[in-house]
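A.B. asks: Dumping the structure here so I can ask a few things about it.
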Amino acid sequence: MFQKFVKWGVIVNIILFFSALAFAQAPDTVPNLKLPITSSQFIKYYKKDNDGYAIFLDKYSKLTQLLNEQEINFPIKNESFGYDRFTQDIRYYVVGGFVQDNYLYKVIIYNGYGEADTQMLNIQLNSYDEQGKLIDALLLDSQYRYEDVSSFNQFSVNEDLTINLKQFVTYYYDEDYEYIDPKPEFYKEQVYQINQGQFKLVSSKMAEKFEWQQ
């Protein structure tokens, strides 16, 4: 009886070992991203048109994939201008990923739509467990232009598993709706901590001139 128990224990451990090995090798099918990951690495995936809209380049949009069932309507943290979840018509491109503590993290990029059907270019970090279940999702950047304002983020996913997000806004008209020289202004800074596949908000600070919007 004891020998049978030991035998099954060995078999289970072998199965677990190869499962963990296969999971650790998951980035082999997804380009490996080494930490830190910064927003400057993603400029090559899109361009800005004359009106300031971020457009996903065709050569990457042709490589996008459909959402799977668990991703549709999955809530996304750090929602931006009314965008807080995947919708069924979204297709995304997997930029790359990394494994940490038996969780797989993938960075994806896609076009979405927020309030008033405003087009957005989103860069997002997703986390998955060993069974491939989607655990959490965080918008790293959401670039959009709506009427007299546009927005973008500078971000970094760091070696200590913190995530720094710094949002900037650009206004194109003054209070009298006269066109002004548009310059990005610091709007808000957030810090998240990665913990067991979850993205935990640690701190959030808004620029003083925008505090009335809270």
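The values are calculated or read from the model by the stated rules, or taken from the named source; none is laboratory data. Please read all numbers here as calculations on a predicted model, not as lab measurements. When we count neighbours, we look across all protein chains shown, and the Cβ atoms used for this are built from the backbone with ideal geometry, even at glycine. SASA here: full protein model, heavy atoms, side chains in, ligands and nucleic acids out. Shrake-Rupley method; radii C 1.70, N 1.55, O 1.52, S 1.80 Å.
A.B. asks: Among the listed pairs 59/133; 106/200; 77/133, which are separated by more than 22 Å between their Cα atoms?
C.D. replies: 59/133
A.B. asks: Now a separate question. Counting only protein heavy atoms, what percent of the accessible surface of the stretch 81-214 is carbon or sulfur at a 1.4 Å probe?
C.D. replies: Ligands and nucleic acids excluded, carbon and sulfur reach 41 percent.
A.B. asks: Summing +1 for each Lys or Arg and -1 for each Asp or Glu, what net charge is found among the other residues whose Cβ lies under 10 Å from the Cβ of residue 35?
C.D. replies: My count for the surroundings of residue 35 gives -1.
A.B. asks: I need the semi-axes of the equivalent ellipsoid of the stretch 150-191: take the C-alpha gyration tensor, multiply each eigenvalue by 5, square-root it, list largest first in whole angstrom.
C.D. replies: 30, 8, 5
A.B. asks: Using protein chains only and a probe of 1.4 angstrom, how many square angstrom of residue 61 are accessible, to the nearest 10?
C.D. replies: Counting only protein heavy atoms, residue 61 exposes about 40 Å² to solvent.
A.B. asks: Per residue, how much accessible area does the stretch 139-214 have with a 1.4 Å probe, in Å²?
C.D. replies: So the stretch 139-214 comes to 59 Å² accessible per residue, rounded to a whole number.
A.B. asks: Largest first and in whole Å, what are the equivalent-ellipsoid semi-axes of the stretch 98-214 based on the Cα gyration tensor, each being the root of 5 times an eigenvalue?
C.D. replies: Largest first, the stretch 98-214 gives 32, 16, 10 Å.
A.B. asks: If a paramagnetic tag sat 7 Å from the Cα of residue 202 along the Cα-Cβ line, which residues of the stretch 126-169 would have the backbone N under 16 Å from that point?
C.D. replies: 155-166
A.B. asks: Zone of residue 133 (label point 7 Å along Cα→Cβ, backbone N under 16 Å): which residues in the stretch 184-210?
C.D. replies: 196-199
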